[in-house]
Amino acid sequence: MLVRSWIWPLVLVSAVVFILSLRQLSDPDLGFHLKYGEWILANQSIPETDQSTYTVSGHPYIDLHWLFQVILFKVFNLSGYRGISIFFWFLSLLLFLLLLLRHRAREVPTSIISIAMLAGFLIIDPRIAPRPEMFTFLFLTVTLLILDQYFERQKNMLFLLPAIMLIWCNMHALFILGLIVIAVYFISLLVKNGKIDKPLLLWMIISIAACFINPYGAKAFILPIELLTRFDSNNIYNQHIQEFIPFYAQKRFVIPDYLFMMLLVISAVSTILTFRKQKLHEIILPIIFGFLAITSIRNISLFVIIALPLVSQQVSELSGKIRFWRSSMSNALYAAMIILPMALIPRLITNAYYLTNNSFNKTGMGVNLSHQPNLVATFLLENNLNGRILNSIGFGGWLSWTLPQPVFIDGRLEVMQESIYKEVTKSWQGGLSELIDKYNPELIVYNYLKYYPWTIQLKQ
């Protein structure tokens, strides 16, 4: 009776994910994604140079997100900003379903699934955003499902891999991760069987070839390599952009961080304790993605997607050997998994959870007016203030989308490059007047909390 009743904690966890996934649009990159989606449809071509700024206008732009941007703009055209919120709410719930399927495929008990899915989505929470990264989460999970089915049950759906990679490489630069995962499974099968798995080799080669079918050809592989440079502690983006800093370098840890540390430790311990039962890919992939997660906090969600079902299965196997698991400990966990989701739901609805975790996210639909400079843009448009803008980086994407004039800088770091960003960081140290003299702006639009040194200098 107790085992069957674990369906109720899972239902409550599903309700938490349901609310957690429905949020206002706060992401600073949303604006330029909408702008380029509109530009692509209007010009019936893919951009090859920057179209948004006056600082790097004409600079090469490898827009591997072009398909995502088109889809995003189409959603906006059909249903506005509220529709975008609903669209990504749906994608998040789809990710929940796919991770649930991975757990079920590994025959993980409902009790452990409930605990794992709650912890997993609280860790992933900061990355649930209107970004192409959401599609990477989905494609990565589907790829793992297909490869697991082939490895464990000889169920051959490998023909889907090239189609996935074809769409993935036209949506997000992290498509390279899909190829890495396929290669690791190929090596794992080679070690297991002592011979080359010809079907997987064939579809792996076709999948690699499919990644060259994009507007930029082989150049598409340049951007993922460039992203690796941001893991270097000497890289200026690594030093200043929050999502690129190493996990251990954060000034403050919040709930998702503590849960990630727990998952990392449990993953390491459970892998060691069940080492003889592990397949090679079940050891290699958590190590690779665990390293990526530790070196850059933006990669933590990728580790969760890779490791969560594996850890759940390992814990399930270990818990079966513990006698009191089915009695006192099981009852305590059951009670906790009823109370915790019920306590979380009102905190998510009121945004108390986000405030506690120092997050700018808000439950709801449409634009987060406390984070996006939408009212600023409206004021500038209504008063015909269309002069040259000097702006903070987080505002650049939205301003380029909503205003007719180009901006100073936006979040496409690979386009901006380090020289412009170094000028910005120098301006925080008393160099604002130098920046103004160089670019001669008529308007300064900035986040006065994050760029507080500008406020001091403007006052002087």
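Below, the figures for the structure above:
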item: More than 29 angstrom apart: percent of Cα pairs within the chain; result: 52
item: Residue-count net charge about SER85 - beta-carbon cut-off 13 Å; Lys, Arg +1, Asp, Glu -1; result: +2
item: Sites ILE187 and ALA249 - FRET efficiency at Förster radius 35 Å, r taken between beta-carbons, to 0.05; result: 0.60
item: Unit charges at the beta carbon, dipole of the stretch 322-460: most positive-side option, LEU381, GLY431, PRO453; result: PRO453
item: Extended-chain gain in nm, criterion 0.36 nm per residue less alpha-carbon gap, TYR452 and LYS438; result: 3.0 nm
item: Whole-number percent relative contact order across the stretch 298-407, with pairs defined as alpha carbons under 8 Å at least 6 apart; result: 13
item: Residue among VAL184, LEU310, SER419 farthest towards the positive dipole end of the chain, charges placed on Cβ; result: LEU310
item: Carbon plus sulfur fraction of accessible area for the stretch 335-460, probe 1.4 Å, in percent; result: 58
item: MRE, 222 nm, helices only [DSSP H, n ≥ 4, -39500 (n - 2.57), over the chain, to nearest 500]; result: -20500 deg cm²/dmol
item: Cut-off 17 Å (backbone N to label point 7 Å along Cα→Cβ of LEU78), residues of the stretch 7-34; result: 34
item: Cα Rg over Rh - the stretch 47-168, Kirkwood; result: 1.07
item: Student exercise, the stretch 24-183 dipole from Lys, Arg, Asp, Glu Cβ charges, in Debye to nearest 20; result: 480
item: Within the stretch 86-125, backbone nitrogen closer than 13 Å to the virtual label 7 Å beyond the Cα of ALA163 toward Cβ; result: none
item: Cα-based reach from LYS438 at 12 Å (exclusive), listing aspartates and glutamates while leaving out same-chain residues under 8 positions away; result: GLU423
item: Cα gyration tensor shape of the stretch 118-189, rounded if a/c is under 1.5, else prolate or oblate by comparing a/b with b/c; result: oblate
item: Approximate spin-label separation PHE90-LEU201, in nm, with each point projected 7 Å along Cα-to-Cβ; result: 4.2
item: Spin-label pair LEU273/THR378, simplified geometry with 7 Å Cα→Cβ offset, distance in nm; result: 5.5
item: Efficiency of FRET from Cβ geometry, ASN331 and GLU107, R₀ 35 Å, rounded to 0.05; result: 0.95
item: Three-way shape call for the stretch 178-229 based on the alpha-carbon gyration tensor, with the a/c threshold at 1.5; result: oblate
item: Helix 66-105 vs. the chain, principal-axis angle (Cα, 0 to 90°, nearest 10); result: 20
item: For the stretch 1-106: rounded, prolate or oblate by the Cα gyration tensor [a/c cutoff 1.5]; result: prolate
item: Charged-residue dipole, Cβ positions (Lys, Arg, Asp, Glu), the chain about Cα centre, Debye nearest 20; result: 1620
item: Sites ILE71 and ALA15 - FRET efficiency at Förster radius 35 Å, r taken between beta-carbons, to 0.05; result: 0.80
item: Net length gained if the chain between ASN358 and LYS422 were fully extended (0.36 nm per residue, minus Cα distance); result: 20.4 nm
item: Carbon and sulfur %, accessible surface of the stretch 188-228 computed with the full protein complex present, 1.4 Å; result: 76
item: Cut-off 12 Å between beta-carbons: net charge of the residues surrounding ALA220, Lys and Arg +1, Asp and Glu -1; result: -1
item: Peptides ranked, highest mean first, by Cβ atoms within 10 Å: ranges 150-163, 275-288; result: 275-288, 150-163
item: The stretch 196-288, Cα convex hull volume normalised per residue, Å³; result: 165
item: Listed residue pairs exceeding 20 Å between alpha carbons, taken from LYS155/LYS198; LYS422/LYS450; LYS35/LYS422; result: LYS35/LYS422
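The values are calculated or read from the model by the stated rules, or taken from the named source; none is laboratory data. Owing to the predicted nature of the structure, the values given are computational and were not obtained by experimental measurement. Every residue, glycine as well, gets a Cβ built from its backbone with ideal geometry; the counts of neighbours run over all protein chains shown. Surface areas here come from the heavy atoms of the whole protein model, side chains and all, with no ligands, DNA or RNA. Shrake-Rupley method; radii C 1.70, N 1.55, O 1.52, S 1.80 Å.
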